[in-house]
Amino acid sequence: MRALTVIAGLLSGALVAVLLLALNPFAGGDREAPGTSAYSFVSNDVAGMRRGAFGVLNLSLLADTPPDFHEPTIENSYAAITMLRDAQGGPAGLGVKLASADSGGNLLTGDVGLKTYWLVFWPNQGSIHARGYESLWPVVSDSLLSAVFGGPLAARNESYEMSVVDADKEGVWKGLSGIYYDDAGYMTTVITGPGIDNDIFQGELELQPY
Amino acid sequence: MLAGAGVYPLPGHERLRSGIEAMENGGRKEDFYIDLSTDQVLTKKAGVAAFPVPAMSVAGSESLSASVYKIRNSDRDVVGLAAQVTGNVPDSLGEPVPAVNWILMVPSRGTLVLDQERVLPGSLIPEMASVQQGTVVSGDGEFAGLNGRYVQAEITETDYDSGNESRYILLSTRVWSEAE
């Protein structure tokens, strides 16, 4: 009986701690969505690390599917290619995204995320490259809350705005060719359904000139 | 547990030896390789509809393409990922010219952005076939503040033990600090 009480106490303590971590008051960051040119995308051309809580919390080995990349130099990275569609749903450009886990983060402060890089090409117009940072803290905290209440370690909302635009982790794009050569601006992304289906890359990319 | 969260081991990236050579001007030369038989991770092609205005079409001629590859160091070990996009863009007169852009991402170190030149000058390496070259536009992480040049070539190597041939894309970068 005493042992059961001790175990129950430990489990309760762990649950409260996870709950506190998920609702961590130290976590958070400046976020804004300055986009004026928005493109939606849905693609299953994606490979690499799990993009939900399993991947960001370094728990990929516990996930139900093995990681795509076995090389330890890239196992915490992913890539995706997607058609970008304009507001009318028509194909407008082709985007490639590379991302890797930010190894300089801190779970206590909610500083968990991905460094992201894009190449976007509009045919007969030009191309740009962009770099940014996606905070996965909203996905992680929501997944932890789901687990605390007996659900899977997975995000429950349909979409999360994850781009961070601030002085340290800027989301910026710069022109490479064609009519966009030497142009520059801000980039934000909204990723839909992270941790729900790892094989689908879906969301919105917003680009705004300075 | 909250204190433990502060030291929680978030995912990192193993770092391998970099085959960097110092150059006379203070810059550095580094080669990256793509094994054409094994390293393509993703690829997608799209066409361009010419009427009523130039616009993309999901089907059609393959005038725009994107690919993702694993990239290797000079020991031929995988160290990162590369994204390449190829298509046509207008030149200063509005005429379509080919453009090729690359991002090389080495997660433990940073990234380089490459832009192939629209007018291809003569080959720097005459013994190599299909040589292109361009500029290293920018970088971040360890590559921040660097720019320079790159040469892209397709090469074939023969394993002396097995006699097997391997075909690679070689991306040979020469970078230096913007201040130099």
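A few notes on this one:
Yes or no, residue by residue, for (1) of a type outside the set (S, T, Y); (2) more than 8 Å from chain B (Cβ to nearest Cβ); (3) under 17 Å from the mean Cα position of the chain (by Cα):
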{"residue": "A:G110", "(1), (2), (3)": "yes, yes, yes"}
{"residue": "A:F121", "(1), (2), (3)": "yes, no, no"}
{"residue": "A:S135", "(1), (2), (3)": "no, yes, yes"}
{"residue": "A:P138", "(1), (2), (3)": "yes, yes, yes"}
{"residue": "A:S146", "(1), (2), (3)": "no, yes, no"}
{"residue": "A:F149", "(1), (2), (3)": "yes, yes, no"}
{"residue": "A:E158", "(1), (2), (3)": "yes, yes, yes"}
{"residue": "A:S163", "(1), (2), (3)": "no, yes, yes"}
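- Test for A:T82: is it of a type in the set (V, I, T), on the phi < 0 side of the Ramachandran plot and free of Cβ contacts under 8 Å to residues at least 12 places away in the same chain: no
- Strands (runs of 3 or more DSSP E) enclosed by the range B:4-101 - at least 2 residues per element that are modelled with pLDDT under 85 and either out of contact with any Ser or Thr (no Cβ under 8 Å at 6 or more places or on another chain) or within 8 Å of chain A (Cβ to nearest Cβ) (or both): B:40-49, B:55-57
- Qualifying residue in the range A:137-159 (condition: in contact with an Asp or Glu (Cβ under 6 Å, 6 or more places away or on another chain) and crowded, with 22+ Cβ neighbours inside 10 Å): yes
- Qualifying residue in the range A:133-148 (condition: assigned to a loop (DSSP other than H, G, I, E, B) and modelled with pLDDT under 90): yes
The values are calculated or read from the model by the stated rules, or taken from the named source; none is laboratory data. Here the structure is a predicted model, which is why all the values come from computation and not from measurement. Note: ideal-geometry Cβ built from the backbone for every residue, glycine included; neighbour counts use all protein chains shown.
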